[in-house]
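The values are calculated or read from the model by the stated rules, or taken from the named source; none is laboratory data. Everything numeric in this text was worked out from a predicted model, so none of it was measured. No Cβ is skipped: glycine too gets one built from the backbone with ideal geometry, and neighbour counts run over all protein chains shown.
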Amino acid sequence: MTVTIATLGFPRIGPRRELKFALEKFWSGRIGEAELQEAASGLRTAAWARQKALGADWLPSNDFSLYDHVLDTSVMLGAIPSRYGAADGVTDLATYFAMARGTTGEDAGCGHAHGSVTAGEMTKWFDTNYHYIVPEIEPGRKLALGRLKVVEEYREAQAQGYETRPVLLGPITWLSLAKGHGIDPFDLLDEVLGLYRVILGHLAHAGAEWVQIDEPILATDLSEQQRAAFTRAYAALQRSGPKLMLTTYFGGLEDNLALATALPVQGLHVDLVRAPGQLDAVLRAAPKDLLLSLGVIDGRNVWRADLNAVLERVAPIAASRDLVLAPSCSLLHVPVDLTLEPKLDAEVKQWLAFAVQKVEELTVLKRALNEGRDSVARPLAAAAEAAANRKVSPRIHDAAVQARVAQATPDMRERRSGHAERARAQAELLDLPPFPTTTIGSFPQTAEVRHARAEHSRGNLDDAGYQQFLREETERAIRWQEVVGLDMLVHGEFERNDMVQYFGEQLAGFAFTVNGWVQSYGSRCVRPPILFGDVRRTHPMTVDWWRFAQGLTDKPVKGMLTGPVTILNWSFVRDDQPRETSCRQIAFAIRDEVQDLEAAGCRAIQIDEAALREGLPLRKRDWQQYLDWAVDCFRLSAAGVADGTQIHTHMCYSEFNDILPSIGTMDTDVISIETARSQMELLEAFAKYRYPSAIGPGVYDIHSARVPGEAEMVELMRLAQQHLRPEQLWVNPDCGLKTRKWDEVKPAIEAMVAAARTLRAA
Ligand code: GLN
Ligand code: ZN
């Protein structure tokens with residue numbers, strides 16, 4: 001029986017973020033559409049050539065996107081909200097980018113002037129850090145076949161001599177992610193299926209033998225409606241054209257296994273990294289003539305695979321049926337190429353594999369199975385050696401850290417007194433007015449700040465010069481906050497590149513890449529830290545900056561930390577121990593920092609948990625367990641202080657209904673949340689749950705360049721008082737101000753302080 005290998009999708013940004021730079025040049029008008037398309041087609045060609053050279057048998061096409069593959073699908077189906085004004089089915093690039101990014105009413109970068117329109121809503125793709133544009137379905141608006149990018153890119157590859165398996169986002173996942181304005185997206189099921197049939201027909205006509213149809217929604221809890229839609233959809237799509245490789249990922253099929261294996265498709269891909277335990281059940285349920293694709297290489301993480309262990313599992317299967325081996329999901333979620341990392345030390349590097357290396361791993365597996373293990377004895381031995389090193393390396397395993405985590409006692413998670421008593425102690429020490437005002441931490445990262453950081457890292461600005469620059473920025477920020485009349489100040493975070501990286505760089509157990517970029521949304525890429533070993537704090541990380549800032553003023557300055565759960569969720573984390581264990585180690589490091597800040601005299605410490613919600617597992621039944629340990633880690637980091645020390649946290653999202661009981665158990669003294677855009681609606685949930693401590697509901701939407709006025713902030717706070725007691729309320733923006741300009745921030749915060757004064761006078 002033969003084994004072949006597939007990639008399911010390759011990073012689209014290019015090894016050196018070429019796509020980002022081309023897009024940004026286009027948006028700023030420095031290049032035209034033709035040059036952008038040329039750059040894009042160059043990236044596609046390079047990706048095909050690369051995967052082919054590495055030995056991939058099934059090359060993907062249409063995995064590329066100028067912005068987002070979900071948006072591409074919406075455009076393909078003509079689901080274009082009327083505010084973009086495009087005639088049905090006709091979508092030019094300006095409309096496409098307007099849907100992705102909104103317009104400011106200026107030239108959209110491609111010669112077409114658009115009025116000011118808001119972008120589509122952006123949200124996270126399952127449990128990844130990739131964001132997609134939420135499909136919108138308007139009542140009465142007909143869908144219609146739009147641009148057939150999937151056919152164009154298939155032909156483009158074909159013309160270059162590459163036979164590809166086009167990738168389509170499946171109809172049920174697309175509909176499940178869509179929001180209907182007053183209608184149920186599934187009302188459009190038949191209409192959508194009709195379009196998919198036509199598209200599949202075009203692909204068959206162009207010569208495609210197989211299509212990879214992605215239905216990651218199959219790895220989540222499905223409603224009866226979704227299940228019925230699956231059955232109906234795939235019955236309708238069978239024999240419309242190419243064979244279908246139904247592709248599932250990000251988790252196991254579990255209760256959806258029988259549904260999936262009963263669908264009339266010719267292939268099924270399953271994720272055996274997230275859900276290794278499903279293999280036997282899949283083999284039992286899969287008909288003999290179903291081509292199985294096994295996701296055995298981690299598409300979501302950067303670790304090198306233990307190839308020998310994989311072979312043990314798949315060799316018996318490969319003996320009796322044809323198999324495709326693949327990454328668990330598209331390689332979109334990992335950096336491109338480990339060989340572009342000259343600065344990673346060799347020991348850490350031997351444990352890693354990025355997209356290119358993952359295809360190489362698949363090639364080794366394929367040869368071992370098709371030609372015998374002897375044909376790849378060397379790479380197999382190297383993989384075994386790396387796996388063995390990783391189990392014992394002192395770079396990873398730190399007995400002191402493990403002992404500390406193991407010996408954590410329940411009292412370490414408990415503040416000394418209850419909430420009311422703490423509030424009294426803090427009121428005495430902090431002496432704040434009613435409706436105290438504060439900000440979330442960062443101030444504008446101006447061009448000068450970024451320039452100074454870049455010059456410092458290039459070696460053109462020495463440490464002393466850089467420190468001096470940062471001190472001046474901080475001092476200016478403190479002086480301005482005093483003048484404007486804020487009650488609790490922040491130092492401004494000018495020294496921080498990123499709220500996670502800043503801490504990761506100072507903690508033992510983290511490694512950083514130079515080119516390890518992963519697409520977050522559109523042209524935005526992130527370089528997640530790699531948490532490879534036991535985490536230890538080797539020195540205080542923020543105390544000097546806090547001390548400097550507090551030394552400039554009599555007003556209280558908040559200490560500013562990133563919480564353990566957020567550090568964990570925004571990093572590539574270890575796969576050799578539970579996430580929970582890694583999180584506890586980080587929690588202890590933050591706890592030490594909290595206590596050092598307190599010892600230095602800091603009276604209010606904010607521990608940001610911006611990403612706590614993001615860590616929620618895909619299956620509801622796993623939520624509580626995650627929330628329990630996440631909250632526990634937060635408490636471990638925060639609870640080691642005296643009653644008079646005020647613990648703040650900040651969360652920038654607006655969905656609290658389902659997680660609020662757990663948020664309540666974090667036992668913070670003050671929480672600031674994002675509410676400006678939702679008219680304080682979510683405070684209802686806080687009220688219902690009788691949230692005991694103080695809340696700062698954001699009154700300034702920092703995601704917009706718009707400067708809000710005093711009156712509307714007062715109005716928002718009045719709405720807040722319909723749900724909460726006045727003494728519970730703080731006045732603050734939605735989030736940090738790092739992405740804004742000072743000439744937006746200054747008037748907005750002045751208005752915010754004026755609003756608080758109005759509230760006090762009432
Ligand atoms: N303290 C951080 C800041 O102000 C918080 C950012 C965030 O929550 N995303 O930038
Ligand atoms: Zn935030």
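Some notes on this structure:
- Test set (1) over 26 Å from Leu268 (Cβ atoms); (2) touching a strand residue (DSSP E or B) at 6+ places or on another chain (Cβ under 7 Å) - Glu152 fails condition number: (2)
- Within segment 583-629, the set of residues being within 19 Å of the chain's Cα centre (by Cα) and within 16 Å of ligand 1 (Cβ to nearest atom) comprises Asp608, Glu609, Ala610, Ala611, Leu612, Arg613, Glu614, Gly615.
- Whichever residue in segment 561-589 is in a helix (DSSP H, G or I) and either of a type in the set (Ser, Thr, Tyr) or closer than 26 Å to Arg424 by Cβ (or both) and, among such residues, is farthest from ligand 2 (Cβ to nearest atom): Thr581
- Check on Thr45, under 26 Å from the mean Cα position of the chain (by Cα), surrounded by fewer than 18 Cβ atoms within 10 Å (Cβ to Cβ) and either of a type outside the set (Lys, Arg) or modelled with pLDDT of 95 or more (or both): no
- Residue tally, condition of a type outside the set (Asp, Glu), away from ligand 1 (no atom under 16 Å from the Cβ) and in contact (Cβ under 8 Å) with a residue 24 or more places away in the chain, over segment 425-446: 9
- Residues that are among the hydroxyl-bearing types (Ser, Thr, Tyr) and over 23 Å from the mean Cα position of the chain (by Cα) within segment 157-194 comprise Tyr162, Thr164, listed in sequence order.
- Val714 being at pLDDT 95 or above, away from ligand 2 (no atom under 14 Å from the Cβ), within 30 Å of Pro564 (Cα to Cα) and surrounded by 18 or more Cβ atoms within 10 Å (Cβ to Cβ): no
- Under the condition of being assigned to a loop (DSSP other than H, G, I, E, B) and under 23 Å from Asn732 (Cβ atoms), the residues counted in segment 606-642 number 5.
- For segment 693-732, a residue qualifies if it is part of a helix (DSSP H, G or I) and basic (Lys, Arg), and exactly one does: Arg718.
Conditions (1) away from ligand 2 (no atom under 16 Å from the Cβ); (2) touching a Phe, Trp or Tyr at 6+ places or on another chain (Cβ under 6 Å); (3) closer than 30 Å to Gln550 by Cβ; (4) without any contact (Cβ under 8 Å) to a residue 60 or more places away in the chain, marked per residue:
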{"residue": "Phe494", "(1), (2), (3), (4)": "yes, no, yes, yes"}
{"residue": "Asn497", "(1), (2), (3), (4)": "yes, no, yes, yes"}
{"residue": "Leu507", "(1), (2), (3), (4)": "yes, no, yes, no"}
{"residue": "Ala511", "(1), (2), (3), (4)": "yes, yes, no, no"}
{"residue": "Gly516", "(1), (2), (3), (4)": "yes, no, no, no"}
{"residue": "Cys525", "(1), (2), (3), (4)": "yes, yes, no, no"}
{"residue": "Pro529", "(1), (2), (3), (4)": "yes, yes, yes, yes"}
{"residue": "Gly533", "(1), (2), (3), (4)": "yes, no, no, no"}
{"residue": "Pro540", "(1), (2), (3), (4)": "yes, no, yes, yes"}
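- Looking only at segment 550-560, and only at residues there that are among the aliphatic types (A, V, I, L, M) and away from ligand 2 (no atom under 16 Å from the Cβ), the one that is surrounded by the most Cβ atoms within 10 Å (Cβ to Cβ): Val557
- Test: residue in segment 725-738 that is crowded, with 17+ Cβ neighbours inside 10 Å, among the basic types (Lys, Arg) and modelled with pLDDT of 95 or more: yes
- Matching residues in segment 203-231 - criterion: being part of a loop (DSSP other than H, G, I, E, B) and over 14 Å from Asp255 (Cα atoms): Gly207, Ala208, Glu209, Glu215
- Single residue of segment 590-619 satisfying the filter (more than 16 Å from ligand 2 (Cβ to nearest atom) and touching a Phe, Trp or Tyr at 6+ places or on another chain (Cβ under 7 Å)) that is nearest to Met541 (Cα to Cα): Leu597
- Residue in segment 637-645 that is surrounded by 15 or more Cβ atoms within 10 Å (Cβ to Cβ), away from ligand 1 (no atom under 16 Å from the Cβ) and closer than 19 Å to Ile567 by Cα present: yes
- Segment 373-389 residues that are more than 15 Å from Ala353 (Cα to Cα), paired with ones that are part of a helix (DSSP H, G or I) and among the basic types (Lys, Arg) (beta carbon under 7 Å, 6 or more apart): Ser375/Arg367; Val376/Arg367
- Qualifying residues in segment 447-464 (those that are surrounded by 15 or more Cβ atoms within 10 Å (Cβ to Cβ) and within 16 Å of ligand 1 (Cβ to nearest atom)) - the one nearest to Ser672 (Cα to Cα): Val449
- Some residue of segment 448-455 being among the small types (Gly, Ala, Ser) and within 16 Å of ligand 2 (Cβ to nearest atom): no
- Of all residues in segment 157-184, those satisfying the criterion of being assigned to a helix (DSSP H, G or I) and surrounded by fewer than 19 Cβ atoms within 10 Å (Cβ to Cβ) are Gln158, Ala159.
- Check on Asp669, touching a strand residue (DSSP E or B) at 6+ places or on another chain (Cβ under 7 Å), under 20 Å from Met488 (Cβ atoms) and away from ligand 1 (no atom under 16 Å from the Cβ): yes
- All positions within segment 218-228 that are buried (at least 23 other Cβ atoms within 10 Å of the Cβ) and touching a helix residue (DSSP H, G or I) at 6+ places or on another chain (Cβ under 6 Å): Leu218
- Check on Gly698, away from ligand 2 (no atom under 16 Å from the Cβ) and either over 27 Å from the mean Cα position of the chain (by Cα) or closer than 22 Å to Gly485 by Cβ (or both): no
- Flag if Ile659 is within 16 Å of ligand 1 (Cβ to nearest atom) and of a type in the set (Val, Ile, Thr): no
- Residue, farthest from ligand 2 (Cβ to nearest atom), within segment 654-677, restricted to residues that are surrounded by fewer than 16 Cβ atoms within 10 Å (Cβ to Cβ) and among the charged types (D, E, K, R): Asp658
- Close contacts from segment 734-760, counting a first residue that is closer than 16 Å to Val490 by Cα and a second that is away from ligand 2 (no atom under 16 Å from the Cβ) and part of a loop (DSSP other than H, G, I, E, B), with Cβ to Cβ under 6 Å and a gap of 6+ residues or different chains, come to Val753/Gly485.
- Single condition Val150 does not satisfy, out of (1) modelled with pLDDT under 95; (2) hydrophobic (A, V, I, L, M, F, W, C); (3) more than 22 Å from the chain's Cα centre (by Cα): (1)
- In segment 654-674, the residues that are over 15 Å from Cys735 (Cβ atoms) form Cβ pairs under 6 Å with partners that are surrounded by 23 or more Cβ atoms within 10 Å (Cβ to Cβ) and of a type in the set (Val, Ile, Thr), at six or more places apart or across chains, as follows: Thr668/Ile647; Thr668/Thr649; Asp669/Ile647.
- Criterion (in contact (Cβ under 8 Å) with a residue 40 or more places away in the chain, buried (at least 20 other Cβ atoms within 10 Å of the Cβ) and away from ligand 2 (no atom under 15 Å from the Cβ)) met by exactly one of Met680, Met651: Met680
- Qualifying positions in segment 323-344 - part of a strand (DSSP E or B) and more than 24 Å from the chain's Cα centre (by Cα): Leu323, Val324, Leu325
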